[in-house]
1. Consider only pairs whose beta carbons are under 9 Å apart and that are at least six residues apart or on different chains; among these, list those whose first residue lies in the range 193-220 and is within 8 Å of the ligand (Cβ to nearest atom) and whose second residue is basic (K, R) and assigned to a loop (DSSP other than H, G, I, E, B).
2. Which residues, taken from the range 19-58, are surrounded by 14 or more Cβ atoms within 10 Å (Cβ to Cβ) and either on the phi > 0 side of the Ramachandran plot or aromatic (F, W, Y) (or both)?
3. Do you know which of the residues in the range 163-189 that are outside any helix (DSSP H, G or I) and out of contact with any Gly (no Cβ under 7 Å at 6 or more places or on another chain) is surrounded by the most Cβ atoms within 10 Å (Cβ to Cβ)?
4. Among all residue pairs at least 6 apart or on different chains, which show Cβ distances below 8 Å where the first residue, located in the range 36-58, is in a helix (DSSP H, G or I) and the second is among the charged types (D, E, K, R)?
5. Which residue is farthest from the ligand (Cβ to nearest atom), if the candidates are limited to the range 14-43 and must be under 19 Å from L192 (Cβ atoms) and in contact with a helix residue (DSSP H, G or I) (Cβ under 9 Å, 6 or more places away or on another chain)?
Amino acid sequence: MSTLEERYEAIRARVPAGVKLVAVSKTRSVEEIQALYDLGQRAFGENYPQELRDKQPALPADIEWHFIGHLQTNKVKYLAPFVHLVHAVDSGKLMQELEKRAAANDRTIGALLQVHIADEETKHGLTPDELLEAVRSWPWNEWPHVEVRGLMAMATFTDDLVQVRREFDAVARLFGQVKALGVFPADRFTELSLGMTSDLDEAIAAGSTLVRVGTAIFGERPSPAGNP
Ligand SMILES: *Cc1c(COP(=O)(O)O)cnc(C)c1O
């Protein structure tokens, strides 16, 4: 059995300078998160809004919180006072709510647009065509408190790392296309959030700037009821 410190150092060794490691701490206790914080980690990712709302006040205030899961508009209020980056924005309705709550808290919230690239049925994420259409037509200037920083995607859940790499490369190309449209300031539209434990190296090779790693750091997650 390896220790938290050994697992953390092993992952850090695989993440090059210029790529930010987001430690995914969903289902992990405040004590486990504090232990990783004490080893130097500052960016953490969660994907259940109430869980994050409850844990955040018990942890150091300088943690950079990333919300990496699907976010329902009625949950934005729980996170708006402190969240740094929302990784999975896929609707104008969510942008509108983020704007409202960010403005009410007198702050700016970062956002990534989620691309649906995986060969799987899911309701979440914009297809590449929908993304390009959204970038051209959504009223981005009505949302000054939400800063669009880049794209996020999840690859197909498969052992076929060639397929995963092909999907990540497609997102990276899309990132270039969106950037070229000039809708978002180029010096701020800089982030690609791609990998997790199973496809970390493929994500880094494809140009990911943020990697979301849980299991490889904390160990296997127990599945709480209702959260597969
Ligand atoms: C849980 C989760 C991760 C981390 O997954 P691991 O396999 O534990 O590294 C990354 N991204 C998202 C969106 C997640 O929900």
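Throughout, read-outs are computed from the coordinates displayed, never taken from laboratory work. Note that the structure is a prediction, hence the values are computed from the model and not measured. For neighbour counting, all protein chains shown are included, and Cβ atoms are generated from backbone atoms with ideal geometry for every residue, glycine included.
1. Sorted first by the residue in the range 193-220, then by its partner, the pairs are G214/K26; G214/R28; G214/R221; T215/R221; F218/R28.
2. If the condition is that a residue be surrounded by 14 or more Cβ atoms within 10 Å (Cβ to Cβ) and either on the phi > 0 side of the Ramachandran plot or aromatic (F, W, Y) (or both), then T27, Y37, F44, Y48 are the ones that fit.
3. Step one: of the range 163-189, the residues outside any helix (DSSP H, G or I) are 182-189.
From what's left, out of contact with any Gly (no Cβ under 7 Å at 6 or more places or on another chain): 182-188.
Working: G182: 10, V183: 16, F184: 18, P185: 11, A186: 9, D187: 6, R188: 12.
The residue in question is F184.
4. Here the result reads P49/K75; Q50/K75; E51/K26; L52/E46; K55/E46, each pair linking the range 36-58 to a residue that is among the charged types (D, E, K, R).
5. By that ranking, first place goes to P16.
Condition check ((1) free of Cβ contacts under 8 Å to residues at least 24 places away in the same chain; (2) more than 16 Å from the ligand (Cβ to nearest atom); (3) over 21 Å from V86 (Cβ atoms)) across all residues:
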| residue | (1), (2), (3) |
| --- | --- |
| R101 | no, yes, no |
| L112 | no, no, no |
| A134 | no, yes, no |
| N141 | yes, yes, no |
| V162 | yes, yes, yes |
| D169 | no, yes, yes |
| V178 | no, yes, no |
| F184 | no, yes, no |
